[in-house]
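Only one structure is covered here, and it is reproduced in the block below.
The values are calculated or read from the model by the stated rules, or taken from the named source; none is laboratory data. Keep in mind that what you see is a predicted model, and the values were worked out from it rather than measured. In this analysis, Cβ positions are derived from the backbone assuming ideal geometry, glycine residues included, and neighbour counts consider all displayed protein chains. When the accessible area is computed, the model is the full protein with side chains, heavy atoms only, and any ligands, DNA or RNA have been set aside. Shrake-Rupley method; radii C 1.70, N 1.55, O 1.52, S 1.80 Å.
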Amino acid sequence: MNQFTHFDDSGHAHMVDVAGKSDTRRIAVAAGRIVMQPATLKMILDGNAKKGDVLGVARIAAITASKRTADLIPLCHPLALTRVAVEFLAEEAGSAIECRVTAETVGKTGVEMEALTALSVGLLTIYDMCKAVDRGMRMENIRLLEKQGGKSGHWRAD
């Protein structure tokens, strides 16, 4: 595909018509990480953050955000998600937390934006809950890793 799909022939933004597409199982996996000071990571892992269970709250925030994607991204279709899984992996050597989100639906359009939105909000929630002790945290390498389903089939990042 060599053209943007969210513009009509006159160059005006529009919501893509998916009525003619078949319902298929669609899966998207996104990942990213938040880098912080070692003491911040230790505080999160030990459960000593002042605001409570940082990763538990971030997981719920990510799932909630996935369900609100169409409210945040103007041309996204509202989707009936069938599953959203959020995983966190501590990287002590890099003083970071990796987040991976898998979003699934059965429908006419993909769930890439839902996975990426969930991922971003999950990382932002970690930042919000820990900013009092570490304002220098940075989110990085936010990306789509894989998508399945639909006419374009299976795609994986290099």
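In square nanometres and to one decimal, what's the mean projected area of the convex hull around the Cα atoms of the range 95-136?
3.4
For the charge dipole of the chain, defined by +1 on Lys and Arg C-beta atoms and -1 on Asp and Glu C-beta atoms about the Cα centroid, which residue among ASN48, ALA30, ALA62 has the Cα displaced farthest towards the positive pole?
Going by the charge dipole, the pick is ASN48.
Taking only protein heavy atoms and a 1.4 Å probe, what accessible area per residue, in Å², does the chain have with all protein chains in place?
Each residue of the chain exposes 59 Å² on average to a 1.4 Å probe.
For the range 130-158 and the range 88-103, what is the centre-to-centre distance using only Cα atoms, to the nearest Å?
11
From the phi of every residue in the range 132-141, what ³J(HN,Hα) in whole Hz does the Karplus formula 6.51 cos²θ - 1.76 cosθ + 1.60 yield, where θ is phi - 60° and glycine or proline is x?
5, 10, 7, 6, x, 4, 9, 8, 8, 6
Excluding residues fewer than 8 places away in the same chain, name every one of the lysines whose C-alpha is closer than 29 Å to that of LYS147.
Result set, ordered by chain and number: LYS21, LYS67, LYS108.
Along the Cα→Cβ direction, 7 angstrom out, place labels at ALA80 and LEU124. What is the inter-label distance in nm?
Distance between label points: 2.8 nm.
Please give the net charge around ALA93, taking every other residue with its beta carbon less than 14 angstrom from that of ALA93, where Lys and Arg add +1 and Asp and Glu add -1.
Net of charged neighbours comes to -1.
Taking 0.36 nm per residue of sequence separation and subtracting the Cα-Cα distance, how much length would be gained by fully extending the chain between LYS131 and THR24, in nm to one decimal?
34.4 nm
Using the Karplus curve 6.51 cos²θ - 1.76 cosθ + 1.60 with θ = phi - 60°, what ³J(HN,Hα) values do you get for each residue of the range 65-75, in whole Hz, with x for Gly and Pro?
4, 4, 6, 10, 4, 5, 7, 9, 9, x, 9
Let me make sure I get this right: for the range 85-158, a, b and c are the square roots of the gyration tensor eigenvalues over alpha carbons, sorted descending. Under 1.5 in a/c it's rounded, otherwise prolate if a/b > b/c, else oblate. Which is it?
Since a/c reaches 1.5 and a/b is larger than b/c, the shape of the range 85-158 is classed as prolate.
Hey, what number do you get for the chain at 222 nm if only DSSP H runs of n ≥ 4 count, each worth -39500 (n - 2.57), divided across all residues, to the nearest 500?
-9000 deg cm²/dmol, from helical runs alone.
Which order do the peptides 48-58, 120-130 come out in when sorted by mean C-beta neighbours inside 10 angstrom, highest first?
Ranked by mean Cβ neighbours within 10 Å, highest first: 120-130, 48-58.
Using 1/(1 + (r/R0)^6) with R0 = 35 angstrom and r between the beta carbons of MET15 and LYS51, what's the FRET efficiency to the nearest 0.05?
So the FRET efficiency works out to roughly 0.40.
Kindly rank 59-71, 99-111, 141-153, 26-38 from highest to lowest mean number of other beta carbons found within 10 Å of each residue.
Top to bottom by mean Cβ count within 10 Å: 99-111, 26-38, 59-71, 141-153.
Averaged over all directions, how much area does the convex hull of the C-alpha atoms of the chain cover when projected, in nm²?
Mean projected area of the Cα convex hull: 10.5 nm².
In nm, to one decimal, how far is the modelled label at ALA70 from the one at ILE142, with both set 7 Å along Cα→Cβ?
Going by the 7 Å Cα→Cβ label model, 2.2 nm.
What is the percent carbon and sulfur in the accessible area of the range 1-132, measuring with a 1.4 Å probe over the protein chains and ignoring ligands?
56
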